[in-house]
1. What number goes with the only condition from (1) in a strand (DSSP E or B); (2) more than 20 Å from residue 22 (Cβ to Cβ); (3) touching a Leu at 6+ places or on another chain (Cβ under 8 Å) that residue 147 does not pass?
2. Going through segment 28-56 one residue at a time, which ones are of a type in the set (A, V, I, L, M, F, W, C), surrounded by fewer than 24 Cβ atoms within 10 Å (Cβ to Cβ) and assigned to a strand (DSSP E or B)?
3. Out of all the residues in segment 118-132, which are farther than 24 Å from residue 26 by Cβ and either buried (at least 16 other Cβ atoms within 10 Å of the Cβ) or within 13 Å of the chain's Cα centre (by Cα) (or both)?
4. Please work out which residue is farthest from residue 100 (Cα to Cα), limiting yourself to segment 58-85 and to residues that are surrounded by fewer than 24 Cβ atoms within 10 Å (Cβ to Cβ) and touching a Pro at 6+ places or on another chain (Cβ under 8 Å).
5. Test of understanding: among 112, 136, which residue is more than 14 Å from the chain's Cα centre (by Cα) and either among the small types (Gly, Ala, Ser) or crowded, with 16+ Cβ neighbours inside 10 Å (or both)?
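Rule-based calculations on the coordinates, nothing more; no lab input. What you see is a predicted model; the values in this text were computed from it and never measured. Glycine gets a Cβ as well: all are built from the backbone with ideal geometry, and neighbour counts include every protein chain shown.
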Amino acid sequence: MLFLAACNPSTSHSPSVSPSDALAEVNARENKFPSYPRANTTYLSFDHAHGFQVNYIGANGKAWLWYPGNRGGVDELWKTETIRGTRAVCFAHPSNSYNPVTKQHGGSYSCSPLVLSQKSNVASLAGDPFDLSSGSVPYVLSKCQAPEAFKFDRARFKC
C-alpha cells in the first residue's frame, strides 16, 4: 500500500510517479474493501509509486509483506487506532527495512488513514496462499506484475 511498504536496504526502486500523485489517484478510488484489515486474509494493493504489493494480515497483530524486488518477506506488526478522530491502520516494519518511496526506515509504527489503505487494495484471497508467514516469498515480485492468483481489473491497475 502507499504507506505500508518496506523493503530491504539492498533493494532500490526509483518511483516513476511522485508519492503525492500516487496518493491522489488512490484517494479517488471507490472503497471496495471496507472490512480491511481482516485477519487471515492476503491483500493485493497497487499504487503508481510502489507498484503491486502483497500483504498477508495474520492474527494477533502480525503481518507479512511481499514487496517488489525483495528476496524475502518483511515481518510486520499491525494495529488499528483512532488518531485525531480519524481511523488509521498502523504498521511497524523491522528497523533495518527501508521504504524507497517515503525514504523512511522501519523500527516504529507508521500510520495511514484506514480508508486510504482500504482504497489501495485491488484484490484479496482467503488465508495465506503464498505462505508469507514463513518469511519466504515464492519469487521476486516485479513492481508491475501482480501474482496470477489475484483476480482484478488488470487493464485498470497497471504500471
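1. (1)
2. 44
3. Answer for segment 118-132, where residues must be farther than 24 Å from residue 26 by Cβ and either buried (at least 16 other Cβ atoms within 10 Å of the Cβ) or within 13 Å of the chain's Cα centre (by Cα) (or both): just 128.
4. My answer is 80.
5. Result: 136 is the single residue among 112, 136 that is more than 14 Å from the chain's Cα centre (by Cα) and either among the small types (Gly, Ala, Ser) or crowded, with 16+ Cβ neighbours inside 10 Å (or both).
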